[in-house]
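The values are calculated or read from the model by the stated rules, or taken from the named source; none is laboratory data. For clarity, every value in this text was computed on a predicted model and none was experimentally measured. Heads up, the Cβs are rebuilt from the backbone with ideal geometry, glycines too, and the neighbour counts pull from every protein chain shown.
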Amino acid sequence: MAVALRGNLRDFGIGEVFQLIGQQRKTGILEVEATSEKLRMGFLEGAVVWAASVGPHEHAALGDMLVRVGLLTPDRLVQLEQQLHEGQESLERLMVQEGDLDGRQIEAIGELVTSETIFKLLRLNQGSFHFTAGKILLDSEPSKLLPAEQILMDGLRMVDEWRAMDETVTRETTVFQRVARFETYREASGGDSPAELALAEKIFLLIDGRLTVRRIVDLSRLGTFEGSRILSKLRETGVIEPIDTEVLETTHKRRRTREFAPTRVGLDLATALLPFAFLFMMAWLSFGRAGSVAPDGLIPLDRDPQRQAEIAFETRRLRNLVEAYRFATGDWPDEPGELEARGWLPPGALAAADEHPYYYVRRGDAVLVLAPEQ
């Protein structure tokens, strides 16, 4: 008969539940139901095997995290989930078979899901819990498992440090902007190891005045606590500062107004130039495209205006994709073809006009993307 343990977190804290499971080396599943969600953890002889939020299917938490960190697109996840319903494969095996990700990447994100769930659990102070003893399948190496008591000690320390952080850092909707160079932080934190500096720079480069704390933490793949800890250090050294939400919203409204609402002056100017635009179009139709000989001293059109507009649009699109790739992965692509190889662009999308390649050069912490030579 399976042993069950039930209770309320107001009367019996989650730390005490962890301690009891660890001390008695229990094997089974702990389920915690809070106001908005349900969380599960698998234990093997008092050690945590996995932890995840409960979703519509067994691998929902993993799929959600893969999208959040930028390793899967939402559309691709939907396709994979449809294939899951049709077959018997797990999400992990299906992604490896389809070539979306390799086993090492999936394992790393699975560990991130577990650590994020544990950190969330340890911050709960209300809800109900239910532990049921039973068999647990072990997919990872036993040496990687951590006893519940060890996780509890480390986790409670993290929770205490989290509560001491500035509210702007722990609030997921905060948007930060850079106000100094990273060298300022490097000089102020002389005792940091090279590894710690590398993590701080990774977070620093994701800060662009638009991404929220939640998005920055997800794209960094460091986890909520670690990402927020580094943001807190950047904030303390004065290289970043939060943007006032009212100012941010006003800026967005002004930007949308400029983009979609033409001004009276713009409309008047467009009306005045309309006859000239018509004459220009008639001249272009009469005398042909690039390379035609224009009579009566008219200046010939050396290039196709429509094609030039298309190339300009394609170049801007590629620049935006390169920026998005950097925010999602933490580094620039080595070449534009890497965007195709990783599914960011459809095959053949980089076959530009006259088959000339895009001009793409990495220069330190920046890249230069220019249109193909005509």
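Taken together, V78, V48, V96, V67 contain a single residue that is within 24 Å of the chain's Cα centre (by Cα) and closer than 30 Å to S228 by Cβ, which is V67. One residue is enough: does the stretch 174-188 have a residue meeting the conditions at pLDDT 90 or above, surrounded by fewer than 14 Cβ atoms within 10 Å (Cβ to Cβ) and touching a strand residue (DSSP E or B) at 6+ places or on another chain (Cβ under 6 Å)? Yes, that holds for at least one residue. The set of residues in the stretch 221-241 that are in a helix (DSSP H, G or I), among the hydrophobic types (A, V, I, L, M, F, W, C) and free of Cβ contacts under 8 Å to residues at least 40 places away in the same chain contains only I230. Filtering V96, V48, V67 for residues that are under 26 Å from E172 (Cα atoms) and in contact with a helix residue (DSSP H, G or I) (Cβ under 9 Å, 6 or more places away or on another chain) leaves a single hit, V67. The residue that is nearest to the chain's Cα centre (by Cα), among those in the stretch 315-325 that are among the charged types (D, E, K, R) and modelled with pLDDT under 75, is R317.
Selection of the stretch 181-231 for residues being closer than 20 Å to E161 by Cβ and of a type in the set (D, E) yields D192, E196, E226. Within the option set D218, D208, being touching a Lys or Arg at 6+ places or on another chain (Cβ under 6 Å), among the charged types (D, E, K, R) and touching a residue at least 24 places away in the same chain (Cβ under 8 Å) holds for one residue only, D218. Condition test on A47, is it in contact with a strand residue (DSSP E or B) (Cβ under 6 Å, 6 or more places away or on another chain) and within 27 Å of E86 (Cα to Cα)? Answer is no for this residue. Note on the stretch 1-11: residues that are under 36 Å from the mean Cα position of the chain (by Cα) and surrounded by fewer than 17 Cβ atoms within 10 Å (Cβ to Cβ) amount to 2.
Is it the case, given these coordinates, that E141 is surrounded by 14 or more Cβ atoms within 10 Å (Cβ to Cβ) and either in contact with a Pro (Cβ under 7 Å, 6 or more places away or on another chain) or at pLDDT below 95 (or both)? Don't jump to the end; show me each part of the working.
On the way: surrounded by 14 or more Cβ atoms within 10 Å (Cβ to Cβ): no; either in contact with a Pro (Cβ under 7 Å, 6 or more places away or on another chain) or at pLDDT below 95 (or both): yes.
The answer is no for E141.
Residues in the stretch 100-119 that are farther than 21 Å from L44 by Cβ, in contact (Cβ under 8 Å) with a residue 12 or more places away in the chain and either surrounded by fewer than 18 Cβ atoms within 10 Å (Cβ to Cβ) or of a type in the set (S, T, Y) (or both): L101, Q105. Annotation: K135 fulfils all but one of (1) of a type in the set (D, E, K, R); (2) in contact (Cβ under 8 Å) with a residue 60 or more places away in the chain; (3) assigned to a helix (DSSP H, G or I); the unmet one is (3).
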